[in-house]
Amino acid sequence: MFDSLIIGIDNLFSLNSILLLMAGSAVGLLFGAIPGLGGTTAVALMIPLTFGMEPFQAIILMGGIMAATSTGGSVSAILLNTPGIAPNAATTFDGYPLAKQGKAGMAIGAGATASALGGVVGIISLVAVIPIMKEIVLLFTPPEFFMLAIFGLCAIAVSSGDRLLQGLITAIIGLVVGFVGLYDITGTVRYSMGIPLLEDGIKLVPALIGLFAISEMINLAVKGGSIAEDTSSIAISRVSDGIKQVFKNWSTMLVGSGYGTFIGAIPGVGGTVAAFLSYSTQVQRDPDPDIEYGKGNIKGVIAPESANNAKDGGSLIPTLAFGIPGSAETAVFLGVLILHGIEPGQKLLVENEPLVFTLVVALTVSVVFATLVVLALAKYMAMLTMVSVNVLIPTVSVIALVGAYALHTEIGDVVIALIFAIIGYFMIRFNYPRVTFTIALVLGTLTELNFDQTMQIHDGDMTVFLTRWLSVTLLILTVLSLGFPTFRKKVRERNRRREAEASK
Amino acid sequence: MLSRVITGTAAAALAVGASILPAQAKNITFLIAYGPGGGFDTVTRKLAPLIEKHLGGNVNVVPKNMPGGRGKKAANYLVNRKPNGRNLLIFNMPGHAMPNIIGEKADYDVRTIDWLARAAEFKYLIVTSARAGKFKTWNDVTSYKDKIKIPMTAPGTTGYLATAILMDAYGIKPKFITGYKSSSKYALGVIRGDGDLTILAKGSFRKYITSKKKNRQAFKDLTPLLEITNGPSQFGVETTGSLGKKELAVLGGDRMIGTTPGTPKAVKDKIANAVFKAVSDPEFAAWGKKVGRDVAPLNAAQTKAKALELFAYYSKFKSVLAASVKK
């Protein structure tokens, strides 16, 4: 293994390779930051460029792209309330409120640092688990996936805070929206109302672009001003504060990275779920925060950002070990490997270990490089929040709509983004949480599919959820996560009462 | 203020819109009916530069993913273009023929597509998990009294339909565990015990089991039970032919390239010639061998005949197919 690592480092440290890595990182940052494009599109577009390359060079270019996209995506999530890619959606919840408070620099600094550290943790985990990949992948069957999704859905209760009824209403709407389209269990199209565009379901990215970015632009147009509410008080020099916050909240970063790696390794779940679960766990772990979540708590940026970068390493586990992509991006990457005659699977790990380590080294260097670029430019990026609405609204709206279109070059996606923009605007106006809607949209179909598969496999026997150790463990965690915040709050209230009584 | 915002938005939209218009009207769009990263995506992207090479001139062949409706969206798009040979698509046969056979709504009809060439084909194999040890031979399967659980993609997919026809031929009532996104995922479902057996393309199976280190290979658990062929078995198991079911040998998949119906003969012949040369190119054959894809070139006339043959064959199982899609 050590020899392979040396060969991996050696492959990377030549002028050609470093240039390829930097080009990959730059493309990744750009495609990550422009809403709707993302790493999958970037990797797919770059495939023809790799035709004349050696396999290790193609791997370096693709590694650079994959490592940098979610770092780029965090910037637009924080500054424009637009997730550059779907896994950055959870970053908008606290990142954008921080930008509105004039703390965009701090949020970007924290997001980029958490991304880098999360990425490194994910990659270290990838290297560490290579010998036990098989066991990890086989551990999760539909009952476990179902329980995992339920665990995430419980975040709805926590995320709603004091708006439980509104939270439940938007969650139900999110679930209903998630049910639209082709259902893989039955092979039939549901609730499409005969509209061809809806036959494949509501696509997540255009919906999120409308719900978060364009709706916010409508809101700004009505209100006027700029994103940051009080531009006179802004000092765009708090990037280092953001970096410090990550080290101060190291446990949040570590838990997020753990989620990212773990969930990334499970095929078909992906970075979006990892980021949402990490965010919701953070909210549940911290029931009495200094700053309410959703209103600009820096830990609400650190948790999802560390998770969505750590998943890059994690999602390569099933990709390399079994040829099963852990995400859409790794699915395209798998295509690149196949194009270059590299067969993913154990054969790759056994016979081509140096190539695997070239990828590992490329991912590590690229994630750090992308973070340094973002940190260096954060100060200038943060100035965006001070730009007048007359400039900002046309620019962001067009970038967002072009992003929605570019994803599948489908005009219908633009219509979806606009419809969700109107829905999002009214949600802002009447104080209905968009977080709960998004969580239900992301996890609803995963929950339903795995429940149905469990029932098919076990002939409708519901006790299966209570007879498998991992499923039971996840159930216990769900119950604890629901009960723990209330329990901890009550204990704290009782302690406060006692202290007050004692001081009388 | 609102009017200024609207003016600004319109101006910006015009500027960006202009930049995303097609750069060259002479490009050929090579549609991919599924998302990036899959088999169709890689084959299309491998073939595009080869078609460019054999077409000559300055024509670019640009791959474009158009996933949706299990491949129907791209096929509908293709037949609604002007018939000028500027759009190509690799059809997934028999999957693309299903809507035509069972009477589902589709703008296209595989019998009227202007076929150019066939790139590849694959045949199936029934596999189980050695670890589960439930079935050692195909005879164990046919004599099994309980329901046989089969992890599979959604009803209506090529693998599902082939399994449904095969099980029907042996009088076995299968219980499909549906919802898996791809063959590698339902194969993994068999390994971890979600179901009893499943169907795999022989190339995929070969890819999954070739490993030097057995203890680190989950897919090594897969073991073949029945091979769909009229020839000798490549895997040392019983074949549908040896068991007297010769008509089942057709079950498999063909990757056929077509263009918009009604394309002028001269244009069609020129493109068909280039596409056939591309699929017969030694570079494509070498690549196919390397990545385990069965490259099987057919020219335009042979491809058309094959499409009609497949349509006629699968039409015989219309009721089985229609029932499986409705489930």
Subject >> Interatomic Cα distance distribution for chain B, bins of 20 angstrom, percent >> reply: 29, 52, 16, 2
**OP:** At q = 0.25 Å⁻¹, what is the base-10 log of I(q)/I(0) for the stretch B:254-327 according to the Debye formula with one equal point scatterer per Cα and no solvent? Please give it to two decimals.
**Re:** -1.10
**OP:** Using only the Cα atoms of the stretch B:123-250, each taken as one equal point scatterer with no solvent, compute I(q) by the Debye sum, divide by I(0), and report log10 of the ratio at q = 0.13, 0.15 Å⁻¹.
**Re:** -0.47, -0.64
Original post:
Full extension from B:R206 to B:R131: what is 0.36 nm times the residue separation minus their Cα-Cα distance, to one decimal in nm?
Top reply: 25.2 nm
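Determine the order of A:S278, B:S183 by accessible area, beginning with the largest, at a probe radius of 1.4 Å. Can you show the working numbers first?
Numbers: A:S278 5, B:S183 40 Å².
Highest to lowest solvent-accessible surface, that is B:S183, A:S278.
In terms of the ratio Rg/(2.2 N^0.38 Å) built on C-alpha atoms, what value belongs to the stretch A:79-124? Can you show the working numbers first?
Values: Rg = 11.3 Å, N = 46, 2.2 N^0.38 = 9.4 Å.
Taking N as the residue count of the stretch A:79-124, the ratio is 1.20.
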Original post:
What accessible surface, in Å², does a 1.4 Å probe find on A:L49, ignoring ligands, DNA and RNA and rounding to the nearest 10?
Top reply: 110 Å²
**OP:** Leaving ligands, DNA and RNA out of it, work out the accessible area of A:V442 with a 1.4 Å probe and give it in Å² to the nearest 10.
**Re:** 20 Å²
Subject >> Using θ = phi - 60° and Karplus 6.51 cos²θ - 1.76 cosθ + 1.60, couplings along the stretch B:245-250 (whole Hz; Gly, Pro as x) >> reply: 10, 5, 5, 7, 4, 5
Original post:
Using modelled amide H (1.01 Å from N, peptide plane; none on Pro or chain starts), what sits under 5 Å from the amide H of B:L226, excluding residues fewer than 5 places away?
Top reply: B:I126
Original post:
Span-like helices, chain B: DSSP H, alpha-carbon axial extent 30 Å or more, mean Kyte-Doolittle 0.5 or greater, which ones?
Top reply: none
Subject >> FRET efficiency for B:A323 and B:R111, using Cβ-Cβ distance with R0 set to 22 Å, rounded to 0.05 >> reply: 0.45
Original post:
A:Y425 accessible area, nearest 10 Å², 1.4 Å probe?
Top reply: 30 Å²
Original post:
Between B:E104 and B:N80, what is the label-to-label distance in nm when each label sits 7 Å out along the Cα-to-Cβ direction?
Top reply: 1.8 nm
Original post:
At A:M193 and A:L164, where each label point lies 7 Å from the Cα along Cα→Cβ, what is the point-to-point distance in nanometres?
Top reply: 3.3 nm
Original post:
What order do B:K181, B:K246 take when sorted by accessible area (1.4 Å probe), most exposed first?
Top reply: B:K181, B:K246
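Sorting A:D94, A:D461 by accessible area (1.4 Å probe), largest first, what list results?
Working: A:D94 0, A:D461 70 Å².
Reading off the accessible areas and sorting them downward yields A:D461, A:D94.
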Original post:
For B:A120, which sequence-distant residues (separation of 5 or more, or a different chain) have an amide H within less than 5 Å of its own amide H, given hydrogens modelled in the peptide plane?
Top reply: B:R255, B:A296
Subject >> Accessible area per residue, Å², the stretch B:123-250 with all protein chains present, probe 1.4 Å >> reply: 38 Å²
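Past the 29 Å Cα-Cα mark, which pairs from B:K64/B:K316; A:K203/B:K123; B:K149/B:K289; B:K46/B:K202; B:K202/B:K306? Walk me through the numbers before you get to the answer.
Details: B:K64/B:K316 34 Å; A:K203/B:K123 34 Å; B:K149/B:K289 33 Å; B:K46/B:K202 21 Å; B:K202/B:K306 21 Å.
From the list (B:K64/B:K316; A:K203/B:K123; B:K149/B:K289; B:K46/B:K202; B:K202/B:K306), the Cα-Cα distance tops 29 Å for B:K64/B:K316; A:K203/B:K123; B:K149/B:K289.
Quick one: compute the contact order of chain B, relative version, from alpha carbon pairs under 8 angstrom and 6+ residues apart, as a percent.
Working: 582 pairs, mean separation 84.9, N = 327.
After rounding, I find 26 percent.
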Original post:
Rounded to the nearest 5, what is the percent of antiparallel bridges among the DSSP beta bridges in the stretch B:123-250?
Top reply: 60 percent
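Rounded to two decimals, what is the ratio between the C-alpha radius of gyration of the stretch B:52-173 and 2.2 N^0.38 Å?
Numbers: Rg = 19.6 Å, N = 122, 2.2 N^0.38 = 13.7 Å.
Relative to the rule-of-thumb radius for its length, the stretch B:52-173 sits at 1.44.
The values are calculated or read from the model by the stated rules, or taken from the named source; none is laboratory data. What you are looking at is a predicted structure, and each value in this text was computed from that prediction instead of being measured. As a convention, Cβ positions derive from the backbone with ideal geometry for all residues, glycine included, and neighbour counts pool all protein chains shown. For accessibility, only protein heavy atoms count, side chains too; no ligands or nucleic acids. Shrake-Rupley method; radii C 1.70, N 1.55, O 1.52, S 1.80 Å.
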